[in-house]
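Okay, so here's the structure we're looking at.
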Amino acid sequence: MAHISRKELKKDEFRETVAHSAQALLSHRRTVWIVGLVVVAFLAAIFGWRFYGERQTVKASAALEQAMEHFNARIRAVGEPQTPDEISYVDEKNKYQDAATKFAEVVQQYGRTRPGQIARYYAGLSYLRLGQYDQAERWFRETERTGDEELAALARFQLAQLYERTGKPEEAVRLYQALVERPTTLVPKPVVLLALAEHHARSNPGEARRIYEQVRTEFPDTAAAQQAEQRLQLLAPGS
């Protein structure tokens, strides 16, 4: 067997070390490239989805605006000519039916966007104006589940109004009381208290008086306090 000198042995060890180092470096670079590609793909997906979401929101806003034109359309007199480029109606029922259809279309196409969530609420409001209470309740219930607390509060307030009209006073009171405990910017406490007092005005005038007094005490020098004062004067004396 050929004898390997210490010098040659050291050269072989050096070559192996260099080879292993090179292999490790290549492997490390490959890993870095793979991780980098994954990160790039992930960021592209995020920004792509964000861009898509923003475009959908823009489209949804335009569609919601068109639906609102029907909801807010003017009722013109029979025989009155329609102004060019104006949406108007001679029958309020047709107005709200068209609005409900338009809002439903916005929800169908853009239901996950903010304008789509708002359209849910206005679809319920349109059916409420039409007196189609089952449909209105369904849309308001869907609005409650959107996760937007302001819209959910608006929907609950309208549901309470709906239940008053449909002979469900206990459910109406339950919703009013829940809104009093958790008021929002769009459904503030004094507004709910006034609605609750109005609910009690005929059946329980003493409770109505107590609530009107509460509004005057908690919210002095406000329009709500003035309204409460006016309502107190209309209650039967001694109630």
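Since every read-out is calculated from the coordinates, none of them should be taken as a lab result. Values in this document were obtained by computation on a predicted structure and should not be read as measured data. Cβ atoms come from the backbone with ideal geometry, glycine included; neighbour counts cover every protein chain shown.
Loop-located trypsin sites (Lys or Arg not before Pro) in segment 58-95 (DSSP state not H, G, I, E or B) with no more than 14 neighbouring Cβ atoms inside 10 Å: ARG76.
Mind checking the full-extension length gain between GLU218 and LYS93? Use 0.36 nm per residue of separation minus the Cα-Cα distance, one decimal, nm.
Numbers: separation 125, 0.36 × 125 = 45.00 nm, distance 4.01 nm.
Full-extension gain reported as 41.0 nm.
Whole number please: convex hull volume per residue, Cα atoms of segment 168-239, in Å³.
Numbers: hull volume 5.8 nm³, N = 72.
Cα convex hull per residue, to the nearest whole number: 81 Å³.
Here the label points at ARG74 and THR101, each 7 Å from Cα along the C-beta direction, are separated by 2.3 nm in the simple model. Put in line by how crowded their Cβ is, counting other Cβ atoms within 10 Å and starting with the fewest, ASP85, ASP148 read ASP85, ASP148.
Which order do the peptides 217-226, 168-177 take when ranked by the mean count of other beta-carbon atoms within 10 Å per residue, highest first? It would help to have the intermediate numbers written out before the result.
Details: 217-226: 13.6, 168-177: 16.5.
Highest-to-lowest ranking by the protection proxy: 168-177, 217-226.
Taking label positions 7 Å along the Cα-Cβ direction at both ARG145 and GLU65, the computed distance is 3.1 nm, reported to one decimal.
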